[in-house]
Structures are given as structure tokens and as C-alpha cells.
Protein chains: 2
Amino acid sequence: MWFPVQTVCLRSRTVCKRGSVGAFLRCLRHLDANVSPFSHSAGRCSQTCQALVYRKHGDPSQVVQLEDVPLPSTGAKDVLVKLLAAPVNPSDINMIQGTYAILPDLPAVGGNEGVAQVIEVGSQVKSLRRGDWVIPRDAGLGTWRTMAVLAEDDVISLPNDIPLLAAATLGVNPCTALRMLSDFEDLKSGDSVIQNAANSGVGQAVIQIAAARGINTINVIRDRSDFTQLSERLEAMGATHVIKEETLRQPEMKELFKTCSKPKLALNGVGGKSATELLRHLQVGGSMVTYGGMSKQPVTVPVSALIFKNVKVLGFWVTQWKRDHSHDGRAFRAMVDELCSLIQRGKLTAPACTEVHLRDYRSALEAAMLPFASSKQVLIM
Amino acid sequence: MWFPVQTVCLRSRTVCKRGSVGAFLRCLRHLDANVSPFSHSAGRCSQTCQALVYRKHGDPSQVVQLEDVPLPSTGAKDVLVKLLAAPVNPSDINMIQGTYAILPDLPAVGGNEGVAQVIEVGSQVKSLRRGDWVIPRDAGLGTWRTMAVLAEDDVISLPNDIPLLAAATLGVNPCTALRMLSDFEDLKSGDSVIQNAANSGVGQAVIQIAAARGINTINVIRDRSDFTQLSERLEAMGATHVIKEETLRQPEMKELFKTCSKPKLALNGVGGKSATELLRHLQVGGSMVTYGGMSKQPVTVPVSALIFKNVKVLGFWVTQWKRDHSHDGRAFRAMVDELCSLIQRGKLTAPACTEVHLRDYRSALEAAMLPFASSKQVLIM
């Protein structure tokens, strides 16, 4: 329940924008009619796989079911892939609840992210080989399943010498973090970024990518019983400062800014008061980029901050970025290569993850919905 | 009381940025010591003029006094000017109240805008001649006075064949309107802009400049007894639509957008709910620019609008724009020329004004502070 869908009407515009999503919907309609090829291609179904299907919106642990679904044969421009691991992200939960900005028609397979291994390639496929690791190029692929037949263009390859969990969680949070650190302010070594939700998947990626670039991070987390432990973990990742949300309103912020420049960029995954407090510490002319709204509260901006401090209040959605760049794969390729290089050099790790076998999906869904989750649930196929 | 100054700490940074302001402060300190040259130059005081001085912050009609102040002789790089007309703007009131983002040291002369005629030029002055009309380049000049000795660089000339009231009110509101229509979105003929406070000085200039460029304006005003009359007046200026604030939440907006494209740009002089309602009607990817906060409420932005509609929430302050461009007069010159050309072609008029003689300043200050003021008070010297 991050984003009430009724406040924005992008549903019809975005849901079928890429072939993969439309394909996916056709498949599931066929599935319901019990005749279907589970693919965008019109190939004959030769086998089945298992998938986490939901036929109505609601509580994920109630409406999601593990089902056998038909799998078509591999067309000339397709690849047959075996899913290896796929995380449960907040947006996956919101999609199932029916509250996200884009919703596939039902029935649908859950999951928008994950890593798969190519096990068969069509005769006209040029960019992929057997054994390659791939991740989706767009949301809506339905990654919570054991196998899939996909168009070559629906995936992008990764080196398969990076850790499985890093690959499975690369396509959403680290991409969001990298783009927000790259596209809004010209950040140089020694500059600072402030962020709330610093323990989220995005937050941890921000800490690591910023540290690799010599950028200071001021990381805000809600107070909790294991604050010290968590703080030490984030500092070990490269966090310059880790502070509690209430500290933002306290005089010790002055002390902090004696050793660290005022941030040019604020990253907001929370909304509400937390976002307003981030704004208060921004440099004149700086930007606050909102990528999430965990508090379910809007962003409130003092008029004086806009006029006299010239702050810019902006938003970022990695799904839209991918769609805006789908005509030209180079930007996506460059981003994936940069992230993989950071992973290979030990500068970027997956967030803390809990591996759960696909058959135990209910526990993964329930755990993913708990507040203060300090570990990302990842389904292992 | 537009902007509580305590929320932003630019005071020390901006108040003495330009020579004129520093000079002005020196003069008034000298004035208090009864020895002073009333100018930035060190010249001998040969005569006096009258000025509206305040020695403490508070209710303008209480703290402002008409006084004789000394006037120095004109230095080699100075001009002696006779002020002709100077408006009472909300920011002038807020400066006297002590609630604006920039505040001169006290005592100070009120007024930041106005038109003056050059009556004497120093021997090294190149760009100005006797008889020229000039307006201030920066805020803080203290325009509510009969005469002043000013540095050549502190003013910019205007053609003196435009109406006096248009010249007196050109430097703040029409500049704000022109920049907001030019610098945030690439608006083409047929595009739309939505604005609240459409009856303000900025609002009226927006209507006229947009109309001259073929841009539709959707103009929002608060309901009032003379709504029809005001609406007709704004339409006669070129307003495409004039609607009441409550209409923003009503189904008739759908009808309106059948004949007028969704706005790329929203201009907000109000804040609070009014700003949130403007956002609701913005195109995907559009910008809302805040230049005022008449409601004294912050701007509240749904997280979904930032992430999924990619709206940008920005601010504009014409004083800062002028300072940012003070190193290179060309941008300011081009803006003034464009506005004067619109005035000469009958496409831009002064807002509805009430002319008040300088000696009757108290009634002007009181009238300027009334809510729903539909006429700008202009002091005539």
C-alpha cells in the first residue's frame, strides 16, 4: 500500500506498453481458458512450469496460489529461461493488492524482478546464448515462476560470475539508486546526499554507489531496537553518517555539518514529515527526489523553500526510465555494466536477503509485509 | 505576511549583495546621525527630499513616516533622479513587517519598485541622459521617496513613451510572469498554463503575455461578490478560461479540457489546497512553479504525482533571477525590451491601479493590506 492508484491514472497508458506485458496477459488469459501457450509467441505448449498466480486483488498471502501453468515451445526469436531467484518488492505487494500505478489484467503472475538462466535459444536469437544470465528489461514480466519463454528483447544479459542474490535484486533498487545519484544533481567527490529509508534496498544501494564515487551520505532511519547494529552495518557499507529520524530536528545536525557539506540532493522514500525534514537541510538550489512513500503521507513543502531556497521537488520511477529508454538499449546496458562492475569489485552487494523456496512463498509474502523488515525476501526456484 | 522569514536564512547572504542596498543602508545610518549623504557616494549634501522611512518593523501604517532626508550632490558615476511613481507590493509590506526573506537594516526607506526620471547625470555616466526613465535593477533601493542619487549601474532605462503606471509596475510582476512563462517549460502556441491568484499583478501579466504568445490560460480566482465583473475583465485581457477555486474539484473541469489542452505549467501564488488542486490538472511531466504563498499554507504534493506523473515542483523569485544575471545586463535588457514592446503594442497593460499621492501614503498602505484587493496602490510623487 505504498501508492493509492486512484490518485494517478496511468494504468491504461503504461500497462501494455511493452510487448512482454501484453504477451504475459495473453498467456494468462489462455491459461484460464486451459489452452494457452504461456508466452508471447504462438508456439505449441509442450510442457508446464510452476508460477505464483493471483486471480483477484487482495491480501497477497490469501490471493496468491502456486499453480502449474502451460509453457509453449520456444519461437525463433525467443529464449526459454529457468528462473533462478526473484525478490518480493513493495511494488509487487502493491500490484497484488491492486493499489499500484500499473496493474496487469487478471489472472496475473506476481513478481517484476529476478534473474533467470537461458536454457534454450530460438534460431534467430543473436544476443543471447545458453547459460547466459538475464534480467527483465521492463516491469510486468511475472518473475515468480520456475520457467518462461521470453522474447530476446524482453531481457538483458548479466555476467554470471556475480552473486545470485546481487543479480536477482539488481534491476530495480540499484538502478533506482544509480539513476537518482546521476541524473538530478551534478555530484562530485566530497559532495553530500541525504536520504531517509536508508535501510531499504534503494537506500543500501545509494550508500554503496555514493561511497564508490566519494560522495558523503547522511542516512536517516527510524529508531528501532537494533539501531546500533543496523547503523554499524550501514557504516560498514560506506555510510558517512547514520542518524535517527528525530535527529533531523535537533541541534546536533549543526555539528554534523561541520564535517560534511550540506547536501545537494535529498532522496525521499518515505514522504510526510520525514521528507519535509530532509528539505530543511538541503543546500540552496538543491533537489529532493521522491521514489517512494512508505509513510503514506504526501510531501509538504514550505513555500519559502521553493521561492527563497530554490529547492526542486521531483520524482523518479525506474519503470518509467526503462520505458523512456527502451528505444535505445545503450543507456540500460551502460547502467547494468556499471552496477555489475561495482559488484565484481566488491563495492556493491545485495541488500540483506532471506532466501525462501518458491513453495514456501506464503511465508515470504507475509514477511515482506511486516513493518521494519530488515531483510528482503527472495524466492529461490 | 506572505513568507515567514524564519523558515529560510538567506538574510545575511542577500541583503547586501548589490551596492545599491549597501549604499542605501549607509545613507540611512548617516541620516540617523544627522550628518549623512543620502547616497552611496560620499558627496556633499546640497538639498533634501522626502521619503517614507521606517525605524522599526511592525504594522506599516504605524511605523512608516514621511520624513525629509538629505540628498547628496551627484557623483561622476551617479545620476540624480526624480521618482515619478512607485507601487506598494506585498513584498514591501512584508519587509516593513519584518517577515520577508531579505530585510534591510533599520532605518530603511520603503518600496522596491518604481519609475524615476533622470534629471542630472554625472560626468562619467555613459548609458543614461537627462529625461530618461529608469527602474531599479535590484530590490532594496527604497523607492518611496521623491528624489535619489543613484549609481548608473543600479538602474536600467525604459522608453518614456509608455504609460506611467505600466513603467512603475514593470520591474517585479511582469518580469516574474515573463520568466515563469519562458524558463520552465517549452510552451508553444496552443499549449496551456493554469494559474491561481489570476487577479494578482503577476496573474494579470501572465494572462496578457501568454495571450500574446498564443498560449491558453486557465485562471483560478477565489469566489467573490464581483466574480462576473472580474472574470469579464480578465477575459478582456486575454484569459482563455476564468474559474472559481472550487471548480478545480468539480466535473466541469472535464468539459473545459475538451476545448483546451491539459496544462504543461501551473503557476502558484497561493499554496495550500489551491496548489494541490492545480497539480491535479497538470500534464504528465509538467511543472508547477510557486512564486507566492498568499494562503500562508505550504505546498502539499501527493507522492504518486511525483513518482508516477513525474511532476516537478519548483519555485521562482525574480529578485534572485536579477541577482543571478547582474554580471551580464543583456538578459535583463532583453526582458525589459520585450515587456516594453508588448506595452507599446497594447498587449500588456498595468494591473488595475489606484493612484495615491505620496503624502497620503497611510491610506495606500492600509488599502494594500486588505484581502481581495482588486487594485494595486501606486504612490505618485
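The values are calculated or read from the model by the stated rules, or taken from the named source; none is laboratory data. Just so we're clear, the structure is a prediction, and the values are computed from it rather than from any experiment. Heads up, the Cβs are rebuilt from the backbone with ideal geometry, glycines too, and the neighbour counts pull from every protein chain shown. For accessibility, only protein heavy atoms count, side chains too; no ligands or nucleic acids. Shrake-Rupley method; radii C 1.70, N 1.55, O 1.52, S 1.80 Å.
At-a-glance table
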read-out: Sequence of B:THR240, A:THR349, A:THR290 from largest to smallest accessible area, 1.4 Å probe; value: A:THR349, B:THR240, A:THR290
read-out: For B:THR228, inter-copy label distances in nm, listed shortest first [label point 7 Å out on the Cα-Cβ vector]; value: 7.5
read-out: Three principal axis lengths of the protein assembly as shown [C-alpha, angstrom, descending]; value: 101, 56, 42
read-out: Cβ nearest the rotation axis (B onto A), residue from chain B and distance to the nearest whole Å; value: B:VAL313, 2
read-out: Label geometry 7 Å along the beta-carbon vector: A:SER157 inter-copy distances in nm; value: 7.0
read-out: Antiparallel %, DSSP beta bridges [both residues in the protein assembly as shown], to 5; value: 60
read-out: B:TRP144 - accessible surface, heavy atoms, 1.4 Å probe, Å² rounded to 10; value: 0
read-out: Around B:LEU379: net Lys/Arg minus Asp/Glu count, Cβ-Cβ under 14 Å; value: 0
read-out: Cα centroid separation - the range B:104-152 against the range A:345-381, whole Å; value: 68
read-out: Nm distances between copies for B:GLU355, ranked from closest, using label points 7 Å along Cα→Cβ; value: 8.6
read-out: Net charge contributed by nearby residues that have their C-beta within less than 15 Å of B:GLU277 (K/R +1, D/E -1); value: +4
read-out: Solvent exposure ordering (accessible area, 1.4 Å, most first) of A:GLU245, B:GLU120; value: B:GLU120, A:GLU245
read-out: Bridge type composition, chain B - antiparallel percent by DSSP, nearest 5; value: 55
read-out: Convex hull volume per residue in cubic angstrom - Cα atoms of chain B; value: 130
read-out: Residue-level accessible surface for B:SER261, protein heavy atoms, 1.4 Å, Å²; value: 40
read-out: Reachable lysines, given that their alpha-carbon falls under 25 Å from the alpha-carbon of B:LYS56 and they are not under 8 places away in the same chain; value: B:LYS17, B:LYS296, B:LYS376
read-out: Highest-MSF residue in chain B out of B:GLY75, B:GLY285, B:GLY238 [GNM, Cα springs under 10 Å]; value: B:GLY285
read-out: Selection from B:GLN283, B:ILE215, B:ASN268 lying farthest towards where the dipole of the range B:173-319 points positive, charges on Cβ; value: B:GLN283
read-out: All lysines inside 21 Å of B:LYS82 as judged from Cα atoms, apart from same-chain residues fewer than 8 positions distant; value: B:LYS126
read-out: For the range B:309-315, Karplus couplings with θ = phi - 60° (6.51, -1.76, 1.60), whole Hz, Gly/Pro x; value: 9, 6, 6, 10, 10, 10, x
read-out: Approximate shape of the range A:48-184 as ellipsoid semi-axes (Cα gyration tensor, √5λ), whole Å, largest first; value: 24, 21, 12
read-out: Alpha carbon Rg of the range B:173-319, scaled by the compact-globule rule 2.2 N^0.38 Å; value: 0.94
read-out: Rel. contact order, % - alpha carbon contacts under 8 angstrom, at least six apart, the range A:173-319; value: 23
read-out: Spin-label model distance (nm) - B:SER123 vs B:LYS347, 7 Å beyond Cα toward Cβ; value: 4.5
read-out: Within a Gaussian network of chain B (alpha carbon springs, distance under 10 Å), most fluctuating of B:ALA148, B:ALA211, B:ALA331; value: B:ALA331
read-out: Lys, Arg +1 and Asp, Glu -1 on Cβ, resulting dipole of the protein assembly as shown about Cα centre, debye, nearest 20; value: 380
read-out: Pairs beyond 27 Å (Cα-Cα), from A:LYS273/B:LYS254; A:LYS312/B:LYS262; A:LYS309/B:LYS188; value: A:LYS273/B:LYS254; A:LYS309/B:LYS188
read-out: Dipole magnitude of chain A about its Cα centre (Cβ charges: Lys, Arg +1; Asp, Glu -1), debye to nearest 20; value: 660
read-out: Computed [θ] at 222 nm, deg cm²/dmol, chain A (DSSP H ≥ 4; -39,500 (n - 2.57); rounded to nearest 500); value: -8500 deg cm²/dmol
read-out: Spin-label pair A:ALA236/B:GLN250, simplified geometry with 7 Å Cα→Cβ offset, distance in nm; value: 6.2
read-out: With DNA, RNA and ligands ignored, accessible area of B:SER341 (1.4 Å probe; Å², nearest 10); value: 40
read-out: Residue among A:SER304, A:SER287, A:SER189 with the largest mean-square fluctuation in a Gaussian network model of chain A, springs linking Cα atoms under 10 Å; value: A:SER304
read-out: Of every Cα-Cα pair in the range A:296-381, the percent that sits beyond 14 Å; value: 79
read-out: Centroid-to-centroid separation of the range B:73-101 and the range B:276-322 [C-alpha atoms, Å]; value: 30
